[in-house]
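Structure first, then comments.
Every number in this text was worked out from the coordinates using simple rules, so none of it is lab data. On a predicted model such as this, the values are computed, not experimentally measured, just so you know. Reconstructed Cβ throughout: ideal geometry from the backbone, glycine too, with neighbour counts over all protein chains shown.
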């Protein structure tokens, strides 16, 4: 667990989820699906059961090359981020990053804090050598954040995501860990 004081005076807690967080995590994901067109699902499209989410949390927490981080302000989940990795020997050094925050908390430095936390963890786990991510081509704020942390553009997936009948390109980005 890490406690951070933001510039606006709010206290933020970054911590690993427990199975008791499953219901609140599902509720959070269903809310953010309606707050941003930059994620891969819409409002109320996250349909995992509480039991399945609990199993996911426990399984992820038991893996040395996977990490979930909750961002909590005033006992409310305002962000979820993760690095997910395969367990196959040939691929376990690759992690895939996902990160999201409630819209009312955009622009106050949470992305910087969570990215620092996850990259520090990846560098220290002894397994992860590369972190990859996908970002919509028009998500300028996200791209700027990722580039700030050393992510490089690796490719373009044309018409990769469709939101409200409009197709958008997705950029693949990667960070190599020494």
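Some notes on this structure:
- Rounded to 5, the percent of DSSP beta bridges in the chain classed as antiparallel: 90 percent
- 222 nm mean residue ellipticity, helices alone, for the chain (DSSP H n ≥ 4; -39,500 (n - 2.57); rounded to 500): -9000 deg cm²/dmol
- Percent RCO, i.e. relative contact order, over the chain, from Cα pairs under 8 Å lying at least 6 residues apart: 17 percent
- When the alpha carbon gyration tensor of the chain is reduced to an equivalent ellipsoid, the three semi-axes, largest first, read 22, 21, 18 Å.
- Translational diffusion of the stretch 1-55, estimated by Stokes-Einstein from the Kirkwood radius over alpha carbon pairs at 4 °C in a medium of 1.567 mPa s, is 101 µm² per second.
- Both radii come from the Cα set of the stretch 22-107: Rg as radius of gyration, Rh as Kirkwood radius; their ratio Rg/Rh reads 0.98.
- A simple packing score, the average count of other Cβ atoms within 10 Å per residue, orders the peptides 147-160, 50-63, 24-37 as 24-37, 50-63, 147-160, with the highest score first.
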